[in-house]
1. Quick check on packing: order 76-87, 44-55, 122-133 by the mean number of other C-beta atoms within 10 Å, highest mean leading.
2. Hey, can you find the accessible area per residue of the chain for me, probe 1.4 Å, expressed in square angstrom?
3. How high is the relative contact order of the chain, in percent, counting Cα pairs under 8 Å that sit 6 or more residues apart?
4. In deg cm²/dmol and to the nearest 500, what is the mean residue ellipticity at 222 nm of the chain if only DSSP H runs of at least 4 residues count, each as -39500 (n - 2.57), divided by the residue total?
5. If DNA, RNA and ligands are ignored and the probe is 1.4 Å, what is the ranking of LYS68, LYS152, LYS117 by accessible area, most exposed first?
6. Roughly speaking, to the nearest percent, how much of the range 1-61's 1.4 Å accessible area is carbon and sulfur?
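The values are calculated or read from the model by the stated rules, or taken from the named source; none is laboratory data. Values in this document were obtained by computation on a predicted structure and should not be read as measured data. Reconstructed Cβ throughout: ideal geometry from the backbone, glycine too, with neighbour counts over all protein chains shown. Side chains are part of the model used for accessible areas, which takes the heavy atoms of the whole protein and leaves out ligands, DNA and RNA. Shrake-Rupley method; radii C 1.70, N 1.55, O 1.52, S 1.80 Å.
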Amino acid sequence: MHLEKKCVVTGGAGFIGSHLTDRLLAEGHTVTVLDNLSNGRLLNLKAAYDSLRLTFVQVDAADHEAIKRVFEGVDWVFHLAALADIVPSIQRPLEYYRSNVDGTASVLEAARLAGVKRFVYTASGSCYGIPDQFPTPESADIRPEYPYALTKYLGEQTALHWGKVYRMPVVSLRLGNVYGPRSRTSGTYGAVFGVF
């Protein structure tokens, strides 16, 4: 039997987040998307926007006071909100730290206070740097080479730490070079697969 869950998807107007939002809605769940639209686009939610089970909140995940009320009664949290791309992270490391580390802690704490039943963090395979082995095993050395990779890895460690200390059910997924419909075709790094 399928039971409806109340979900939060941070970064839900982004490429991956919008597809996840579509899937959750298709499976009968209610979804609140939190996105500051720094990377995401409302157009990505076009197919889902008329759903009565979708709520969109334009907010920065790092603004804990602004987001915590949204988590009341939530069952599942999918944390995808992050600044992406290598070169901008080198140019603006503090922005990346605030978004990818502080933002993650803010969302984790909101989820903890709400007593969520599942927290999924989207980490990055960039934490391995230039790996010695392909395909790269999860046990490979962690060698982030730029601020984006470091901040995503710190976010992952923060999520796993919250899981351990507060007994939150946390899962971390290390994604790498995700592509498909709605992927970006502009930008320094993330565009390569989209263009191909």
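1. 76-87, 122-133, 44-55
2. Spelled out: the 1.4 Å probe surface of the chain, per residue, equals 54 Å².
3. Once normalised by length, the contact order is 20 percent.
4. When only DSSP H runs of four or more count, the value is -9500 deg cm²/dmol.
5. Greatest to least solvent exposure: LYS117, LYS68, LYS152.
6. That fraction is 54 percent.
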